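Written out below as structure tokens is the structure these notes cover.
The values are calculated or read from the model by the stated rules, or taken from the named source; none is laboratory data. All values reported here derive from a predicted model rather than from experimental measurement. Backbone-built Cβ (ideal geometry, glycine too); neighbour counts: all protein chains shown.
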Amino acid sequence: MPKSEEHVLTVIAEQLKATGLNYYLQRDIYNANEAIKDSLRNNPSKTGGTGGGIPDVSLLFRYDDEQWVVFIENKSEKDKMGKYGNSGLIDNKTKDGKPNYKQVISKYALNGACYYAQNAYSDTDIKNYLVIGVCGGEDSTKKYIVDISVYIITRDTNSEAIKYKEFKDFSFLSKENIDLTMREVKQSHLSDIQREELLAKSEKSIDDKLTTLNQKMRDDYNIDAKWRINMVVAMILAGMGDRRANITALKADELKGSAEDGNTDADLIIRKINNLLARRNIPNDKREHIVDEIKRTIKHNLNFNEPDESGETINKKLYNEIQSEILPFVENRLLDFAGIVYNKVTDWMGLADDEKNDVVLTPRYIVDLMVKLTRVNRDSYVWDFALGSGGFLISAMNEMLKDARNNESNLVDGLKNKERHIKEKQLLGIEKRSDIQMLAILNMLLVGDGSANIINTDSLTKFEGNYAYPENTEKFPANVFLLNPPYSAEGNGMIFVKKALSMMNTGYAAVIIQDSAGD
């Protein structure tokens, strides 16, 4: 480290000491947190080299029972604070989307600190970070001063660093100021422009990774197209975990390629999924259906469980791929993850041309508009006869829950009971394809619910208007119908509209039609 940067580091250490927080200079962080140490060691250094890297200063503290990590990088030049994208977000990528080690990450204070934090966000269970850049130097009076710029990374920022504030010292972390600082930090949000930029970037990235994954499943693992979606859903469910339900995510090194019945890689994956669904209070019939679908895919295909010469099964190899490349996107709250997968299925399956036209994701802003048009509120009963990835039900559920919370004082049985009733009794979706139905179930689980009635059947010939869970003897009292129909069906899909409306006594419907309204 240059002598001038050592001086900045000394100033930082003196100020942090005054806050009363424990801080760690460079390698000292290794002794403070094993997971952070592994992340720093296992990722390339700031210059892209092997052997890992270490922030200049690190802090660990707890606030509101959550773990926070602070990474600080310093530079002695005033113009080396950060390199940013168009909307002010820290930008560590080259034009082709690769880490820009030489020109950006290693050259700018904020970019280096952000690099360490985003790696740790992906590698560990810790999801709260303060990213701090410090630049020091003498002013015109020869007084030595530092500029401090603070960014935030949390789940709410979708692992991206957004700006919090600028300071001249570290008193914002002192015991007197920490409460105010953390309240402000928790209220920091992406701007609309930043949100749109991140959404576009994330959707492009997940689309590319799903394309690559599909090629690997086809070319490297020889997985037939009909199994691919169920396999991806299975690996995601096993890798999700649920801290509130005390369910840990499956670790790849737990998959050892055992041939012992009950302990094969497939058995371990299924056991983890079963535990997750049970803790989420998914109805027994529905849980059995999900597990049976997954078991039929990853267990009954024996070649998926046979270790190769390296001792690894296809199940383990695919789980490794999902864990490293796909699961980070599952936690991105901006993304309709299952919807994006749904939009890729024409690449994954051998569909006829008319079926390809049927498998199209409805844009989120259209979905939300249709929910508004149908006047969805806390007392609505919403169904969709061609469910797809479940986007209509999720948007409707969010609107119903929001209305319930806004009118909590008017609820007879209390907010919690109403929220449970909305999820269990006021949403119903039908999907003919079992693999697409699994995507819808995954989507509902990702948004925190798995209890909605999502039925795998033919809505035109086999659905009689009843609930699926807990039993199918009670009629669903639908008063909102939302649909983006399969256009290959009779009347360009309008036969679905006829069937649904004939089973409703009152309410509203919003349907996407293929031809213009004038026709």
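Overview of values
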read-out	value
Lone unmet requirement of (1) in a loop (DSSP other than H, G, I, E, B); (2) farther than 30 Å from K204 by Cβ for N274	(1)
Any hit, the range 408-423, residues being farther than 22 Å from D242 by Cβ, among the aliphatic types (A, V, I, L, M), surrounded by 24 or more Cβ atoms within 10 Å (Cβ to Cβ) and in contact with a Leu (Cβ under 7 Å, 6 or more places away or on another chain)	no
Some residue of the range 105-126 being at pLDDT below 95, in contact with a Gly (Cβ under 8 Å, 6 or more places away or on another chain) and surrounded by fewer than 17 Cβ atoms within 10 Å (Cβ to Cβ)	no
Selection from the range 459-497 of residues that are under 24 Å from K286 (Cβ atoms), touching a Leu at 6+ places or on another chain (Cβ under 9 Å) and hydrophobic (A, V, I, L, M, F, W, C)	A468, F476, A478, F481, L482, F496
Pairs where the first residue, in the range 483-506, is within 13 Å of D384 (Cα to Cα) and in the same structural domain as P363 (by TED's automatic domain parsing) and the second is surrounded by 13 or more Cβ atoms within 10 Å (Cβ to Cβ) and among the basic types (K, R), C-beta under 9 Å, 6+ apart	P486/K432
Considering residues of the range 156-182 that are at pLDDT 90 or above and in a helix (DSSP H, G or I) only, the residue farthest from the chain's Cα centre (by Cα)	S171
Test result for S502, crowded, with 17+ Cβ neighbours inside 10 Å and either touching a helix residue (DSSP H, G or I) at 6+ places or on another chain (Cβ under 9 Å) or over 30 Å from G241 (Cβ atoms) (or both)	no
Residue in the range 129-139 that is part of a loop (DSSP other than H, G, I, E, B), at pLDDT below 85 and touching a Gly at 6+ places or on another chain (Cβ under 9 Å) present	no
Considering residues of the range 16-32 that are touching a residue at least 60 places away in the same chain (Cβ under 8 Å) and buried (at least 19 other Cβ atoms within 10 Å of the Cβ) only, the residue nearest to S324 (Cα to Cα)	L16
Single residue of R195, R228, R218 found to be outside any loop (DSSP other than H, G, I, E, B), surrounded by fewer than 20 Cβ atoms within 10 Å (Cβ to Cβ) and more than 17 Å from the chain's Cα centre (by Cα)	R218
Those strands (runs of 3 or more DSSP E) lying entirely in the range 403-512 with at least 2 residues within 26 Å of V233 (Cβ to Cβ) and touching a strand residue (DSSP E or B) at 6+ places or on another chain (Cβ under 8 Å)	427-431, 453-456, 480-483
Filtered residues of the range 13-27 (kept if within 26 Å of E176 (Cβ to Cβ) and outside any strand (DSSP E or B))	A13, E14, Q15, L16, K17, A18, T19, G20, L21, N22
Members of the range 89-113 found to be within 25 Å of the chain's Cα centre (by Cα), touching a residue at least 40 places away in the same chain (Cβ under 8 Å) and not in a helix (DSSP H, G or I), listed by number	L89, I90, G97, P99
Members of the range 35-65 found to be in a helix (DSSP H, G or I) and surrounded by 15 or more Cβ atoms within 10 Å (Cβ to Cβ), listed by number	I36, K37, D38, S39, L40
Selection from the range 165-187 of residues that are closer than 29 Å to E14 by Cβ and either surrounded by fewer than 13 Cβ atoms within 10 Å (Cβ to Cβ) or not assigned by TED's automatic domain parsing to the domain that holds L89 (or both)	E166, K168, K175, E176, D179, L180, R183
Matching option when the condition is outside the structural domain of M438 (by TED's automatic domain parsing), within 24 Å of Y342 (Cα to Cα) and polar (S, T, N, Q), among N214, N275, N263	N214
Hits in the range 85-132 - residues which are within 30 Å of D65 (Cβ to Cβ) and of a type in the set (D, E)	D123, D125
The listed residue being under 23 Å from A13 (Cα atoms), among the acidic types (D, E) and modelled with pLDDT of 90 or more, out of D56, D38	D56
Condition met for E293 (in the same structural domain as I236 (by TED's automatic domain parsing), in contact (Cβ under 8 Å) with a residue 12 or more places away in the chain, acidic (D, E) and within 22 Å of I436 (Cα to Cα))	yes
Residue check for I162: crowded, with 20+ Cβ neighbours inside 10 Å, free of Cβ contacts under 8 Å to residues at least 60 places away in the same chain and under 20 Å from Y63 (Cα atoms)	no
Extreme residue, surrounded by the most Cβ atoms within 10 Å (Cβ to Cβ), among residues of the range 74-88 that are in contact with a Cys (Cβ under 9 Å, 6 or more places away or on another chain) and in a strand (DSSP E or B)	N74
Meets criteria (touching a residue at least 24 places away in the same chain (Cβ under 8 Å), out of contact with any helix residue (DSSP H, G or I) (no Cβ under 7 Å at 6 or more places or on another chain) and closer than 22 Å to K102 by Cβ) for K83	no
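For (1) under 23 Å from the mean Cα position of the chain (by Cα); (2) at pLDDT 90 or above; (3) closer than 30 Å to S205 by Cα; (4) of a type in the set (S, T, N, Q), each residue gets a yes or a no:
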residue	(1), (2), (3), (4)
D261	no, no, no, no
T264	no, yes, no, yes
P283	no, no, no, no
N303	no, no, no, yes
E312	no, yes, yes, no
